[in-house]
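The values are calculated or read from the model by the stated rules, or taken from the named source; none is laboratory data. None of these values were measured; they are calculated from a predicted model. Every residue, glycine as well, gets a Cβ built from its backbone with ideal geometry; the counts of neighbours run over all protein chains shown.
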Amino acid sequence: MIEDGATDKGSVTTVRRIGETIRRPVGEWTPAVHALLTHLESVGFTRAPRALGTNGTDEVLSLLHGEPAFSPWPSPLRSTGGISELGSWLRDYHDAVRDFQPPADARWQGHEGGWRPGLIIRHGDLGPWNSIWHGDRLAGFIDWDFAAPDHALDDLAQLAWYAVPLRPVEQQRRAPVAGEHTLRSRLNALCAAYGARPASVLDALDAVQSGEAARIERLGRQGHEPWVTFLARGDAAEMMAERSWLRSERTVLLGGSGGCAQPVPTAPCSNHLWRWPYWRPSSARPLLMALGERSRSRVMIVAASRLRRFGNGGRQNRRPGCGLVEGRSQGPEGRSTDSHQSRRPTRPATRAAAGTVSVGGRRAHGGRQGDRRAGPAPVLRY
């Protein structure tokens, strides 16, 4: 932790500690950020700095005690419990900020759009370097200068990008967190703690990466710092390369299912078959083989109906009490989810060859860039 009276220079800002406070340079976005932090304090959200005003050219914030997670990451962040705690923190933050309406004259750093109903104020820089850990507990996140109105799911996507991390092997080794199984497990743990589907997060991240690269190109060429620095060191090109890597690894990260067979319930469902957090036909094989043929067929038809209803991009209404976040369906992320596929009727489940039940739903990939073409129907086998 930074010592009293010392300064610490990051890639964007130099800060100084004085007693139990942190001093940072004031920007045109500071009043809006302070309004956000004041709101968080008023609703009892404690895992963020408190805005204490300004002192000349500096803003004054409360000090969060702990250490930032620089590479190599501390052991709590490398654990499943640590990545889950990040997801829980973000869920709590989004719940706390959902009712916040920024001032009409709010200005946000590097962000030209304004707030409107349905958006939240993102943190905007959710990398491990801004997470503060006190022992094995997450104390909170610092550095809110890039906060801005946007979709909640984009915050989760950025957190997954840098904290899973959903990055090529070179960056994985710096953590060090590497390996297909490890990344998939960490992505699932993060999404389960927040209450979102991994497939939806990957779709949002694809848009976040292209948007961030475009912003660096635009603002860097216009001469705005810190984007001039970002552009000069090759951040835009690196982001697009990581986007290509993510697209190539999508199927692996989703367990080879494209995300269709792994809904993440955020509330209990009444159907006992759907209480498994990551239901897969392969995991049910021993149980199914122990059943008689008639019972086995019934179970598979019910499971096919479940997948068609909940695992196909939200084309049918969700059951009350089963809060699934899928594709562009309306979920706790608060994203608008009107899809042409949500208005298209689905075919009923049909019995195919002996021992196979085919689901009439098609795989749907949500995301801000619009609807994607549907993929092949998932098939349940026993």
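Can you confirm whether segment 86-104 contains a residue that is surrounded by fewer than 20 Cβ atoms within 10 Å (Cβ to Cβ) and closer than 30 Å to residue 223 by Cβ? Yes, because at least one residue in segment 86-104 is surrounded by fewer than 20 Cβ atoms within 10 Å (Cβ to Cβ) and closer than 30 Å to residue 223 by Cβ. Selection of segment 61-86 for residues being assigned to a strand (DSSP E or B) and at pLDDT 95 or above yields 61, 62. What do you reckon, is residue 50 surrounded by 14 or more Cβ atoms within 10 Å (Cβ to Cβ), in contact (Cβ under 8 Å) with a residue 40 or more places away in the chain and of a type in the set (D, E, K, R)? So residue 50 does not fit the description; no. With respect to being assigned to a helix (DSSP H, G or I), among the aliphatic types (A, V, I, L, M), touching a helix residue (DSSP H, G or I) at 6+ places or on another chain (Cβ under 6 Å) and not assigned by TED's automatic domain parsing to the domain that holds residue 126, residue 36 falls outside the description. Here 195, 179 are screened, and the one residue that is at positive phi and either more than 11 Å from the chain's Cα centre (by Cα) or surrounded by fewer than 18 Cβ atoms within 10 Å (Cβ to Cβ) (or both) is 179.
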